[in-house]
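A short worksheet on the structure shown next.
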Amino acid sequence: MLKYTEDHEWLRAEGDEIAVGITKHASEQLGDVVFIELPEAGREVVAGEEIVVIESVKAASDIVAPVAGVITAVNGDLADAPGDVNADPLAAWFFRIKPADAGAMDGFMDEAAYNELIG
Amino acid sequence: MRAAPVNRCRAPGTEHEGDSMSEKLRRTGLYQLHLSQGGRMVPFAGWEMPVQFAAGVLNEHLHTRAQAGLFDVGHMGQVQVFPRDGNLQSAALALETLIPADVMGLAEGRQRYGLFTNRHGGIMDDLMFANRGDHFLLVVNAACAEQDIAHLRGLEGVRVRPVADRGLIALQGPAAGAALARLIPGTAAMRFMDLRDFDWQGAGLWISRSGYTGEDGFEISVPEASLRGFAEALLEQPEVLPVGLGARDSLRLEAGLPLYGHDMDAGVTPSEAALGWSIPKVRRNGGCRAGGFPGAARVLAELQDGPARIRRGLRPEGRAPIREGVALFAAETGGEPLAQVRSGGFGASVGGPVAMALLDPRLPEGTRLWAELRGKRIPVAIAPLPFITPSYKR
């Protein structure tokens, strides 16, 4: 089941890791994505840390680490085909993170709460 | 830094998306049509304009280069300048005191590109002007329109009439000619920079073969009452998609066309903006109507001697867009910035980022500079302008 952050990221539990992408709403607001800079796998991050740069035709934005933990994998294919973020945002994961706190997903919004947020 | 005040003549607080909406924004006659087409409206130069439609900026850009895009440019100022004595040459001479161009020599039904200069030799605005027989029609930038009209009203012997009852749309792309000719067959015979009158269902249209994308195309002034109907008739043509300001900017950038307030402003001279070509021999030193416009001494000296900086193209390595304001350096580390990027973004047809900046004209093409992005220096190469090959119908 997906969870959502106020920064318009989706989180999907995969074993003891969390895959992170951006929501359809966020991808529509950004416009066509033309460049993505991903972090190094193995990097230890704190919650709220800006770890991905995402450039659309309009502006640069950051994706933040939703929780504290270690980056276990990054989606290198996405850097070569940044348009995939617009084509299918739920399939376009940016990185996987192993949270420092096992219950890290619990506090985030479910789909209904997120849809209410974006109105 | 230059002593001349840098006036970008922006409408207050309305240049960029996300700026305060508290200013009362103006809407063109196509506002409702834009909403029905999925237009995302943003504040721009005091107007509420579509930045993109459903297709998105990249698709709109590529579609314009492949077929035809329809742009609402009704925010731009249309201004008529009539001679008070009925002799058009009087108005031409008056305009030449503000614009370093050959206005006198412009034939009826033809249009030229020109500049308003200030007394420091900087550029107040850029414009199109056309000879319409009994008057000149000027099209100026939205954010500068008020300033330009006041400037023109300082002229003696002319009557200045801002055109308030007409919209302006641009149809651009290799299929623009075929699409427009289906509605108005006579337009097929027009050449680049012709401007002619046409009738469409009883409405008088002023159509020029020109644009701001590097493609063949038309700019069409339409009476308000017929504006939406005419735009819809164009959108019904199979080649035509609506295109927003986002793609308009990336198209003009690839075509190496400067944008006022960015690539040039009140602190940038015609030579520096690489627009010296718009100043013909007749207005230069030794010409029979040399000088006689604001800042002529500096502008003409610089045309002879060459400027210390000139607008150049930049191709960043990699995919990261290098945008306006990014500092450029000669080396990967240390040193003072050489310049800042004036405009930059992603060139969809080039397939990578492109940018422009004012740089030393002596630096050879291919010279590697460094752009500082998020604390890292990215290599960029000086590249020839335009980035694409224009296809004007000469």
Of A:D62, A:D101, the only residue that is over 30 Å from B:R323 (Cβ atoms) and either at pLDDT below 95 or touching a Leu at 6+ places or on another chain (Cβ under 8 Å) (or both) is A:D101
Sort out which residues of segment B:340-370 are within 30 Å of A:G83 (Cα to Cα) and either touching a His at 6+ places or on another chain (Cβ under 8 Å) or more than 14 Å from chain A (Cβ to nearest Cβ) (or both), and write them in order of number.
-> B:Q340, B:R342, B:S343, B:A348, B:S349, B:M356, B:A357, B:G366, B:R368, B:L369, B:W370
Would you mind listing the strands (runs of 3 or more DSSP E) fully within segment B:123-238 where at least 1 residues are under 20 Å from B:P100 (Cα atoms) and touching a strand residue (DSSP E or B) at 6+ places or on another chain (Cβ under 7 Å)?
-> B:123-131, B:136-140, B:158-162
What about A:V70, is it more than 14 Å from chain B (Cβ to nearest Cβ), of a type outside the set (S, T, Y) and open to solvent by 40 Å² or more (accessible area, probe 1.4 Å)?
-> yes
Looking at (1) within 13 Å of another protein chain (Cβ to nearest Cβ); (2) open to solvent by 20 Å² or more (accessible area, probe 1.4 Å); (3) outside any strand (DSSP E or B), find the lone condition where B:P337 falls short.
-> (1)
For residues that are charged (D, E, K, R) and surrounded by fewer than 16 Cβ atoms within 10 Å (Cβ to Cβ), scanning just segment A:44-62, find the one that is farthest from the other protein chains (Cβ to nearest Cβ).
-> A:E44
Of all strands (runs of 3 or more DSSP E) completely enclosed by segment B:20-110, which ones contain at least 2 residues that are β-branched (V, I, T) and touching a residue at least 60 places away in the same chain (Cβ under 8 Å)?
-> B:77-83
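Tally the residues that are on the phi > 0 side of the Ramachandran plot and open to solvent by less than 10 Å² (accessible area, probe 1.4 Å), restricting the search to segment B:38-58.
Final tally of qualifying residues: 2.
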Quick one: count up the residues across segment B:314-334 that are within 14 Å of another protein chain (Cβ to nearest Cβ) and assigned to a loop (DSSP other than H, G, I, E, B).
-> 10
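The values are calculated or read from the model by the stated rules, or taken from the named source; none is laboratory data. For clarity, every value in this text was computed on a predicted model and none was experimentally measured. Please note: Cβ atoms are built from the backbone with ideal geometry, for glycine as well, and neighbour counts cover all protein chains shown. Please note that ligands, DNA and RNA were not included when accessible areas were found on the heavy atoms of the full protein model with its side chains. Shrake-Rupley method; radii C 1.70, N 1.55, O 1.52, S 1.80 Å.
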